[in-house]
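The values are calculated or read from the model by the stated rules, or taken from the named source; none is laboratory data. Quantities reported herein were computed from a predicted structural model and do not represent experimental measurements. Neighbour counts run over all protein chains shown; Cβ positions are idealised from the backbone, glycine included. Note: accessible area is taken over every heavy atom of the protein model, side chains too, but ligands, DNA and RNA are not part of it. Shrake-Rupley method; radii C 1.70, N 1.55, O 1.52, S 1.80 Å.
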Amino acid sequence: ITRIVNGTTTVGKATSATSAESATKATQDGSGNVITTTYATKEELSSLTSGSTVTIATSAWSNKSATVSIDGVTASNDIFVTPSASSYIAYANAQVRCTAQGSGTLTFACETTPTTNISVNVLIFNS
């Protein structure tokens, strides 16, 4: 750091590796892990999941069960199912839940048959 000259502060580049300039070019995290080989990129992460919205039509329910078709679901991949915002109350009131999955299908059960179509968001974790 240079001196104060004419009432202004002139600051030179720091020579320590703890400077902001070095931090913007970091190759390791705080634990010493190499960033480029330890962490996934946005592109890598986007290939791990896919999402879809399916509608369970009122006519699809039979004996408090409904099966819908959905691309990307297998019998063994992990999924996360949640009602869309517009269907949340009907989904909760009917106590709808996903009970099974198969190749391209999801099966739902309910305690009370819904009287409106239910929109469900599905996040699929690809393996």
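Label sites at residue 50 and residue 98, each approximated as a point 7 angstrom past Cα along Cα to Cβ, lie 1.4 nm apart.
From the Cα gyration tensor of segment 18-127, with a ≥ b ≥ c the square roots of its eigenvalues, which class applies: rounded if a/c is under 1.5, or else prolate if a/b is larger than b/c, or else oblate? Here segment 18-127 falls in the prolate category. Neighbours of residue 109, meaning other residues whose beta-carbon lies under 14 angstrom from its beta-carbon, give a summed charge of +1 when Lys and Arg score +1 and Asp and Glu score -1. All other residues with a Cβ under 12 Å from the Cβ of residue 64 taken together, and with Lys, Arg as +1 and Asp, Glu as -1, what is their net charge? Summing Lys and Arg as +1 and Asp and Glu as -1 gives 0.
In terms of accessible area, using a 1.4 Å probe and ignoring ligands and nucleic acids, 82, 55 rank largest first as 55, 82.
Length gained on full extension, residue 116 to residue 89: 8.7 nm, using 0.36 nm per residue less the C-alpha separation.
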